[in-house]
Amino acid sequence: MKTLLTLAFVAVAGFASAAPVNKTCPVGARPARTDVTSTYNGKEIAFCCNNCKKKFDADPAKYADKVK
């Protein structure tokens, strides 16, 4: 049981460390939300809303240079 709890803690800790690399939405230029994200080139990118996420996911190269 102790091993199972340790594994669960490590999994949660690893997930929590995948914070978005940006604070501003690369599509809408508004503050980004940490609960609306996509992974691009191994990095977690945050967006201000799901509509911006959909636009980014459809053509990430168009917005990639705006990730800050």
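Between residue 18 and residue 33, what is the label-to-label distance in nm when each label sits 7 Å out along the Cα-to-Cβ direction?
Distance between label points: 1.9 nm.
Residue 24's amide H: which non-local residues (gap 5+, or another chain) put their own amide H closer than 5 Å, with H modeled 1.01 Å from N in plane and none for Pro or chain starts?
Amide H neighbours of residue 24: 32, 68.
Read-outs throughout are calculated quantities, based only on the coordinates presented, and are distinct from any laboratory measurement. Only a predicted model underlies this, so the values are computations on that prediction, with no experimental measurement involved. Neighbour counts run over all protein chains shown; Cβ positions are idealised from the backbone, glycine included.
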